[in-house]
Amino acid sequence: MNAGPAAHRTVVADVRVFDGEKLLEPGTVVIDGTVIGTAADADGARRIDGRGGVLLPGLIDTHVHLTDLSTLRAFASYGVTTVLDMGTWPAEKVDALRGRTGLTDIRSATVGATSPDSAHGQRLRPEGGLVGGPDEAEGYVDRRVAEGADYIKIIIDLPGFDQATVDALVAAAHRHGMRTVVHASSLEAFRMAQHAGADVLTHAPLDRPVTEEDVARALAGHRVVSPTLAMMEAIVAAVGRPGAPGPSYEAARASVAALHRAGVPILAGSDANDAKGVPATPPFGDSLHRELELLTGAGLSTVEALRAATVVAARCFGLTDRGVIEPGRRADLLLVSGDPVADIRATRNVERVWCAGVEFDASRPNASRPNEDRR
């Protein structure tokens with residue numbers, strides 16, 4: 001690797017590093033432009049004393065809903081350097097948020113597929129997202145591919161899609177080589193998504209826990225689950241009544257625990273949003289830290305929870321340039337005080353954040369795209 005100018009290099013010295021897999025002994029990490037450098041690149045670089053802290057890969061939130069640049073600034077301020085948007089439209093709105101220097105990087109499904117008969121469809125009326133039956137699946141996916149979606153989002157909100165429509169949507173996405181992410185917040189929806197061969201199931205059932213058969217099928221089918229426990233907790237708090245029928249956080253937590261014990265990959269996702277008329281609005285950035293706490297409450301170790309928001313999230317979504325700290329990878333980094341392996345709540349102790357090598361500064365104006373006119 002050829003080091004860039006010293007003015008573009010930073011050394012974080014004497015810092016313990018969680019490299020995406022495990023916590024290492026104190027050492028030095030070099031930021032060389034947009035990527036992580038080697039010790040040979042440290043000469044003349046700006047030096048930051050990392051003693052007493054832990055340097056982590058920037059966190060990845062696998063389920064959010066974007067609004068504007070202020071959303072990206074909020075994520076960056078909490079050390080969330082990559083977010084996977086699960087429903088924002090039109091595509092031009094998403095495109096305006098891509099590639100912002102010094103801010104959180106995004107991927108997006110643009111508009112998700114929704115049944116016109118579902119509560120989601122009737123409440124949101126998503127432009128271009130309504131799919132009336134299996135014969136409309138191919139056209140829907142074609143349009144998402146044409147507008148640059150990074151994966152296909154399918155919302156199973158019952159009553160709504162039948163199994164044939166979900167099957168057709170997943171099959172059409174796979175023909176294009178696209179991952180599918182399926183909203184499944186009930187056990188029946190979870191089973192429909194599995195039957196269709198979906199790649200990622202988001203949310204955890206709030207009505208009943210998954211069974212051993214459900215877990216075995218998820219493991220055999222190489223499913224991945226982003227349970228969004230922060231959202232599940234918030235929904236129950238907003239609409240649930242103790243002792244009365246309705247959504248159950250215990251069902252969601254039990255499902256995550258069973259899936260994790262069996263070895264199904266669990267990802268960290270918050271469902272952060274500020275939409276109108278939805279059951280709950282977990283706050284941008286902060287809610288991913290709550291998600292990490294809830295994942296440990298569902299049986300993941302602190303290391304497993306951190307991996308769910310770094311290396312495992314990156315791997316499951318094909319983000320091969322991030323999620324770990326090693327030379328050549330994108331310099332998305334989070335420096336915290338304290339030890340999140342000993343206490344996961346330490347991830348909240350944000351000291352510094354770098355997005356592709358650019359340190360986030362809350363006082364800095366909204367970042368522009370490279371070469372964009374800053375009139």
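The values are calculated or read from the model by the stated rules, or taken from the named source; none is laboratory data. Predicted model only: the values in this text are computed from it and were never measured. All Cβ positions, glycine included, derive from the backbone under ideal geometry; neighbour counts span all protein chains shown. Surface areas here come from the heavy atoms of the whole protein model, side chains and all, with no ligands, DNA or RNA. Shrake-Rupley method; radii C 1.70, N 1.55, O 1.52, S 1.80 Å.
When Val311, Val239, Val303 are screened for being open to solvent by 30 Å² or more (accessible area, probe 1.4 Å) and in contact with a Gly (Cβ under 9 Å, 6 or more places away or on another chain), only Val239 passes. Of all residues in the range 278-300, those satisfying the criterion of being within 25 Å of Ser70 (Cα to Cα), open to solvent by less than 10 Å² (accessible area, probe 1.4 Å), in contact with a helix residue (DSSP H, G or I) (Cβ under 6 Å, 6 or more places away or on another chain) and assigned to a helix (DSSP H, G or I) are Ser287, His289, Glu291, Leu292. The residues of the range 287-332 include none that are of a type in the set (S, T, N, Q), farther than 18 Å from Gly79 by Cα and within 14 Å of the chain's Cα centre (by Cα). In the range 338-355, the residue that is farthest from Leu288 (Cα to Cα) out of those that are open to solvent by less than 40 Å² (accessible area, probe 1.4 Å) and of a type in the set (Gly, Ala, Ser) is Gly338. Checked against the criteria, Ala309 does not count as at pLDDT below 95 and either touching a strand residue (DSSP E or B) at 6+ places or on another chain (Cβ under 9 Å) or among the aliphatic types (A, V, I, L, M) (or both). Condition test on Arg51, is it surrounded by fewer than 17 Cβ atoms within 10 Å (Cβ to Cβ), touching a strand residue (DSSP E or B) at 6+ places or on another chain (Cβ under 6 Å), touching a residue at least 12 places away in the same chain (Cβ under 8 Å) and within 14 Å of Val358 (Cα to Cα)? No.
Of the candidates Ala362, Ala342, the single residue that is in a loop (DSSP other than H, G, I, E, B) and modelled with pLDDT of 95 or more is Ala342.
Condition (residue is acidic (Asp, Glu) and within 15 Å of the chain's Cα centre (by Cα)) applied to the range 45-66: is it met by at least one residue? The answer is yes; a qualifying residue exists. The number of residues in the range 198-231 being on the phi > 0 side of the Ramachandran plot and either buried (at least 16 other Cβ atoms within 10 Å of the Cβ) or of a type in the set (Ser, Thr, Tyr) (or both) comes to 2.
Across the range 194-218, the qualifying residues are those that are under 21 Å from the mean Cα position of the chain (by Cα) and either assigned to a helix (DSSP H, G or I) or modelled with pLDDT under 95 (or both), and the one among them that is farthest from Val256 (Cα to Cα) is Gln194. Contact map, the range 119-146: residues that are among the basic types (Lys, Arg) paired with residues that are part of a helix (DSSP H, G or I), Cβ distance under 9 Å, separation 6+ or inter-chain. Pairs shown: Arg144/Ala91; Arg144/Ala173. From (1) on the phi < 0 side of the Ramachandran plot; (2) open to solvent by less than 10 Å² (accessible area, probe 1.4 Å); (3) in contact with a Phe, Trp or Tyr (Cβ under 9 Å, 6 or more places away or on another chain); (4) at pLDDT 95 or above, pick out the condition that doesn't hold for Gly129. Answer for Gly129: the failing condition is (4). Reported count of residues in the range 22-34, each being open to solvent by less than 40 Å² (accessible area, probe 1.4 Å) and among the aliphatic types (A, V, I, L, M), is 3.
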